[in-house]
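Visitor: Dumping the structure here so I can ask a few things about it.
The values are calculated or read from the model by the stated rules, or taken from the named source; none is laboratory data. Since this is a predicted model, take the numbers as computed values, not measurements. Positions of Cβ are generated from backbone atoms using ideal geometry, with glycine treated the same way; all protein chains shown enter the neighbour counts. To get the accessible areas, we keep the full protein, side chains included, count just its heavy atoms, and leave off ligands, DNA and RNA. Shrake-Rupley method; radii C 1.70, N 1.55, O 1.52, S 1.80 Å.
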There are 2 protein chains.
Amino acid sequence: MIDEVVRFIIEIDKLKAVTRKVKPLGVDRYENPAEHSWQIALLAWSLAPFAAAPVDINRVIKLLLVHDIGEIDTGDTMAFVTEGVAERKQAEREAVGRIFGMAAPHARDEMLDLWVEFEDESTAEARLAHAADRAMPVLLNLANNGQSWREHGITYERVVARVGPQINAGCPALWAHVKSRLDAAQQSGWFGI
Amino acid sequence: MIDEVVRFIIEIDKLKAVTRKVKPLGVDRYENPAEHSWQIALLAWSLAPFAAAPVDINRVIKLLLVHDIGEIDTGDTMAFVTEGVAERKQAEREAVGRIFGMAAPHARDEMLDLWVEFEDESTAEARLAHAADRAMPVLLNLANNGQSWREHGITYERVVARVGPQINAGCPALWAHVKSRLDAAQQSGWFGI
């Protein structure tokens, strides 16, 4: 019913208050997962012809619209933290159970299934979605003098190891582009050592 | 090519710096059209079974992802300003010509066509998209003690006249919900007089 739809859409408003590690260009605040999800939906849409395998772009977009909603309860988990991954994933799984449980009946299972599909990375759609999700903060950092890498003392090797496999699995041409620019950024001294 | 995709996605990052009139709940900043677009894509998706006519929800979502991109050049046009509408629409049309012209070739025409479809309101998809777009700031205000209505001295009658026809045309059940809550908010004195 409409009451459920409204409660759900007000609940997910909280995602706008979660902070990520990268700043939008020219803005002195950290971006949030809501605007990030919008941007990577458009990135994946733009990348569709370059995907590693043919994709249903509508499902890729839906995957990306829901993929970060668990962060309402867990917060953004820094992409470069490697400890406690299983615990964080479990907490996020519980969060989406709670939040998608508030959605209208027709959307509840669909949204949860899409969230699981994204996490599992077992479809071409989920792989393109991950490529867009991993690439976007790197593209922003490349346009931003390495802002979040500098703030956290992140090394070139760590970035390549963290984002390379997933970008390459979903969109090899995008990884070729990103890798060559990361190499140039390393020459410019934008990374920790 | 990938270079074009990257230039486009960096260009549209600017939408995160545009400010609307409503604040996200519990956050002391104005929301931007990027996070707003994400939220109303999820709202429309949730509303699909209640739409005035059957819709292709994937196209509704795409309409909403692109509908505000012209505001990168024009800024958000206050929903309650009634003067200069034709001039603002013309400026926004020029803006999307410029911005979607930067998109990858396969996406360029599709995005521009979707933007025009949204503006024309001639399809069931565009009407549901408009219903979500008009309803969301009202739902936030209803959850926020009428924050943007109070800041701008907006009257109850103005809100009803501004959002009612489009919400009702796209999703009558949503309008019934919103209208009854607006009536209650008027009793609570949240509007200008």
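Visitor: Pick from B:His106, B:His152, B:His67: which residue has the top mean-square fluctuation in a GNM of chain B where Cα pairs under 10 Å get a spring?
Guide: Answer for the Gaussian network model of chain B: B:His106.
Visitor: How far apart, in nanometres, would the label points at A:Arg88 and A:Asp56 be if each is projected 7 angstrom from Cα along the Cα-to-Cβ direction?
Guide: For the pair A:Arg88/A:Asp56, the computed spacing is 3.0 nm.
Visitor: Moving on. I'd like the projected area of the stretch B:108-172, averaged over all directions, using the convex hull of its alpha carbons. Report it in nm² with one decimal.
Guide: With the hull built on Cα positions only, its mean projection is 5.3 nm².
Visitor: What are the GluC sites (Glu not before Pro) within the stretch A:58-106 that DSSP puts in a loop, where the Cβ has at most 12 other Cβ atoms within 10 Å?
Guide: Sparse-neighbourhood loop GluC sites (Glu not before Pro): A:Glu83.
Visitor: So for the stretch A:1-42, taking the charge dipole from beta-carbon charges (+1 Lys/Arg, -1 Asp/Glu), which of A:Leu15, A:Tyr30, A:Val5 sits furthest toward the positive end?
Guide: A:Tyr30
Visitor: Another question, then. Ranked from the most accessible area to the least, with a 1.4 Å probe and all protein chains present, what is the order of A:Ile154, B:Ile72? Numbers along the way, then the final one.
Guide: Values: A:Ile154 5, B:Ile72 30 Å².
Output order, biggest surface exposure first: B:Ile72, A:Ile154.
Visitor: Next up: Residues of A:163-175, mean number of Cβ from any other protein chain within 10 Å of their own Cβ, rounded to a whole number? Can you show the working numbers first?
Guide: Values: counts 0, 0, 0, 0, 0, 0, 0, 0, 2, 0, 3, 3, 1.
For peptide A:163-175, the averaged partner shielding equals 1.
Visitor: Still on this structure, please answer the following. So how strong a dipole does chain B carry about its Cα centre when Lys and Arg Cβ are +1 and Asp and Glu Cβ are -1, to the nearest 20 debye?
Guide: Roughly 700 debye for chain B.
Visitor: For chain A, what does the relative contact order come out to in percent, with C-alpha contacts under 8 Å and a separation of six or more?
Guide: Once normalised by length, the contact order is 25 percent.
Visitor: Follow-up question, since we're still on this one. Computed on protein heavy atoms with a 1.4 Å probe, what is the summed buried accessible area for the chain pair A and B, in Å² to the nearest 100? Working shown, then result.
Guide: Working: alone 9720 and 9720 Å², together 14840 Å².
It comes to approximately 4600 Å² buried between A and B.
Visitor: A further question on this structure: Between copies, how close do the A:Ala143 label points come, placed 7 Å along Cα→Cβ, listed in nm from shortest?
Guide: Relative to the other copies, A:Ala143 has label-point distances of 2.8 nm.
Visitor: Now for a separate question. Assuming a ≥ b ≥ c are the square roots of the Cα gyration tensor eigenvalues, decide whether the stretch B:76-130 counts as rounded (a/c under 1.5), prolate (otherwise, with a/b larger than b/c) or oblate.
Guide: Oblate, because a/c is 1.5 or more while a/b does not exceed b/c.
Visitor: I've got another one for you. Starting from 0 in steps of 10 Å, tell me what percent of the Cα-Cα pairs of the protein assembly as shown lands in each bin.
Guide: All Cα pairs considered, the percentages come to 5, 24, 34, 25, 10, 2, 0.
Visitor: Counting only other chains, what is the mean number of Cβ atoms within 10 angstrom of the Cβ of each residue in peptide B:44-52?
Guide: That average works out to 5.
Visitor: Over the stretch B:6-72, what relative contact order in percent results from Cα pairs under 8 Å that are six or more residues apart? Each step should come with its number before you reach the end.
Guide: Numbers: 59 pairs, mean separation 21.9, N = 67.
RCO, the stretch B:6-72: 33 percent.
Visitor: Sort largest first and round to whole Å: the equivalent ellipsoid semi-axes of the stretch B:1-139, each the square root of five times a Cα gyration tensor eigenvalue.
Guide: Numbers: eigenvalues 95, 75, 50 Å².
Semi-axes from the Cα gyration tensor: 22, 19, 16 Å.
Visitor: Using a label point 7 angstrom from Cα along Cα-to-C-beta, what distances in nm, from shortest up, separate B:Arg7 from the other copies?
Guide: Between copies, matching label points for B:Arg7 lie 4.9 nm apart.
Visitor: Can you give the helix-only mean residue ellipticity at 222 nm for chain B, where every DSSP H stretch with n ≥ 4 adds -39500 (n - 2.57) and the sum goes over all residues, rounded to the nearest 500 deg cm²/dmol?
Guide: Working: 10 runs with 127 residues, N = 193.
Rounded to the nearest 500, the figure is -20500 deg cm²/dmol.
Visitor: Just list whichever of A:Lys21/A:Lys179; A:Lys14/B:Lys89; A:Lys89/B:Lys179 have alpha carbons separated by over 29 Å in the model shown.
Guide: Listed pairs above 29 Å: A:Lys14/B:Lys89; A:Lys89/B:Lys179.
Visitor: Going by a ≥ b ≥ c, the root eigenvalues of the Cα gyration tensor, does the stretch A:15-74 fall in the rounded group (a/c under 1.5), the prolate group (a/b larger than b/c) or the oblate group?
Guide: oblate
Visitor: In the stretch A:56-193, if the dipole is taken from +1 on Lys/Arg beta carbons and -1 on Asp/Glu beta carbons about the Cα centre, which of A:Ile69, A:Ile167, A:Ile57 is farthest to the positive end?
Guide: Toward the positive end, the furthest listed residue is A:Ile167.
Visitor: At a 10 angstrom cut-off on C-beta neighbours, averaged per residue, how do the peptides B:118-131, B:35-48 rank from highest to lowest?
Guide: The densest-packed peptide leads the list: B:35-48, B:118-131.
Visitor: A further question on this structure: Can you tell me the accessible area per residue over the stretch B:136-193, all protein chains present, probe 1.4 angstrom, in square angstrom?
Guide: Values: 2540 Å² over 58 residues.
Accessible area per residue: 44 Å².
Visitor: Other chains near B:58-70: what is the mean number of their Cβ atoms within 10 Å of each residue's Cβ?
Guide: The per-residue average across the peptide is 2.
Visitor: Between A:Gly192 and residues 5 or more places away or on another chain, which pairs have amide H atoms under 5 Å apart, with H built 1.01 Å from N, and which residues are they?
Guide: A:Ile154, A:Thr155, A:Tyr156
Visitor: Let me ask something additional. Find every distance from the label point of A:Ala176 to the corresponding label point in the other copies (7 Å from Cα along Cα→Cβ) and write them in nm, one decimal, shortest first.
Guide: The projected label point of A:Ala176 is separated from its counterparts by 5.7 nm.
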